[in-house]
1. Taking only protein heavy atoms into account and a 1.4 Å probe, give the accessible area per residue of the range 224-305 in Å².
2. Toward the positive end of the charge dipole of the range 36-145, about the Cα centre and with charges on Cβ (Lys, Arg +1; Asp, Glu -1), which of Leu47, Ile75, His120 goes farthest?
3. On a 0 to 90° scale, report how tilted helix 367-381 is relative to the longest principal axis of the chain, with both axes built from alpha carbons and the result rounded to the nearest 10.
4. Taking only protein heavy atoms into account and a 1.4 Å probe, give the accessible area per residue of the range 48-128 in Å².
5. Any idea what the dipole of the range 202-346 comes to, in debye rounded to 20, about its Cα centre with Lys/Arg Cβ at +1 and Asp/Glu Cβ at -1?
6. Could you work out the equivalent-ellipsoid semi-axes for the range 159-269, taking the square root of 5 times each eigenvalue of the Cα gyration tensor, largest first, in whole Å?
7. Send over the per residue convex hull volume for the range 54-94, Cα only, as a whole number of Å³.
8. Take the alpha carbon atoms of the range 300-346, find their center, do the same for the range 246-283, and report the distance between the two centers in whole angstrom.
Amino acid sequence: MADPPGCCRPCATCLLCLYSCQWITAKKEKRKGLRTTKCDCSWFLFLFCVFVFTLVWLYFAIIILNDLHNFNEFIFKQRKLWLDWSLVLLIATAVLITYSAVLLVLALCLQLCGQPLKLHWLHKALLILTALVVAAAFAGLGIKWAEEWRSARISLQATGPFLHIGIVGGMTLLAWPLASFIYRTHSTGLKVFLLLVYCAAMIALYLAPLGITSPCIMEENQLPPKPALVGHRGAPMLAPENTLMSLRKAVDCDVQVFETDVMVSADGVPFLMHDELLTRTTNVLDVFPERAALNSTAFNWTDLQQLDAGSWFLERRPFPTVQSLSAGDHSQVTKQRIPSLEQALEAAKQSNISIMFDLRPENHSDYQSFVNATLEAILRSGIPLRQVLWLPDGFREQVKQQVPGVQQIYGRKRLQNEKEPLLHVNLPYQDMSSEEIRQYRQDNISVNLYVVNEPWLFSVLWCSGVSSVTTNACQVLKEMKRPIWLLPGSTYLMIWIVVDCTSLLVILWAFLLVKYVRSLSTSWGGSSETDVLLTKINSLMQE
């Protein structure tokens, strides 16, 4: 082995120290005659797999940010603890991916320098722990939040072309250390195996675009109109959800529909509230501590009006946008009370927007009386019935008879033997494919999908032709003038060919250059490859 083998002695010593967790100088390493064993190679392969595993989890973590507010609400209902788990998720993921990435870079540098890959037992234990943590995260995702797997599939329509370019680039960069290892090792079987695996992986990547589909691969003139915005409980990133302030903020975001949830008080007054308990969005624990565990419908309207429905928004900060509120907004937030449905209908009428709502709880014994009280409030408000979008399935036929002008919104897909044609459907965004959205659009069926917060997801649904989306981030989606990206098919084909050809040329160049440098190092009396390469570069620069 050369001294120093492939790089300067201080660099070799530093790399060995970080990777092996022991101070092995170049001379000691040479004296001990350390070599990379099959076991060391196995640990390097495990390190590479852990890095890829954590990289995939990082991708999932970014994707599920769209729906993480639902997770925050779920944890609050279970544990009465409010925390922005997106920060925890991203910080933990960043730590895991950084650790495995640094170890992988160290290993590749050691390989290029001709140093042994003696991974310390502490790193081995931490790598196993990293793999177990990520595996547990994936398992929990599959058990408790299975719909996020469908979200990941949808995300590939937005990221597929770019992931392909990134993965091809990463695999291309591996050609240099792979060539160095292959020319250095004496095992023919191992050489053939590694080359076959690498070539198979690259061929699969080069042909991957044949299976990549995205609704945003289209001509500019084929782009459907921008989907209308439906404010999910108003504008919950800018004001406390289900309040009149939230409705006004939603109007400022140019939403066409205010989506909310309705419950009916013990004395028959419909009011806006999502949770069955009042603990998350009011100060009921302070005002009525002995009744805080009761259902919202157990309170009469006079009691509900005593509750503060805004201060929690400033205390818990459910979204990072709360920090950017003005002093005037802060003052308005603290004045918010639980609004009645009639107040919300009046505000919607004045703002000329529609209102869409669910009636909760569906399993209540007095649900029919809830429906009657809600219909009476609608008729009393004087709002044009076409601006009322009715979501509840219970007693829908009765609603059609009493207020035929109300628009009926269905939370399901159409059936083959549908008695009456569906005109409006409201579904989770994971439940409809791009092909189904296009078909419904051709059949003049309005499709609203919820909850869409991230621009990448909004872009995919926009390209698919969805009619509207329910969102928490109306202030963000309002500013989007076009999808994040839009590529004609011919342009994407050209990018695909250029990327694949460039990658192939770089790989061939890497293998030929490493072979050339090794032949020079042999003819120069055993000097290291890196020393020879640096000498040649220096000579060229002097010329």
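The values are calculated or read from the model by the stated rules, or taken from the named source; none is laboratory data. Bear in mind the structure is a predicted one, so any value in this text is a computation, not a measurement. Virtual Cβ from ideal backbone geometry, glycine too; neighbours counted across all protein chains shown. Calculation scope for accessible area: heavy atoms of the full protein, side chains included, ligands and nucleic acids excluded. Shrake-Rupley method; radii C 1.70, N 1.55, O 1.52, S 1.80 Å.
1. Numbers: 2660 Å² over 82 residues.
With all protein chains present, the range 224-305 gives 32 Å² per residue.
2. Of Leu47, Ile75, His120, it is His120.
3. Long axis of 367-381 versus the principal axis of the chain: about 80 degrees.
4. Details: 3760 Å² over 81 residues.
Roughly 46 Å² per residue, with all protein chains present.
5. Details: 10 positive and 18 negative charges, 62 e Å.
Here the range 202-346 has a charge dipole of around 300 debye.
6. Working: eigenvalues 647, 76, 32 Å².
With the √(5λ) rule applied to the range 159-269, the semi-axes are 57, 20, 13 Å.
7. Values: hull volume 2.5 nm³, N = 41.
Given the Cα convex hull of the range 54-94, per-residue volume reads 61 Å³.
8. 10
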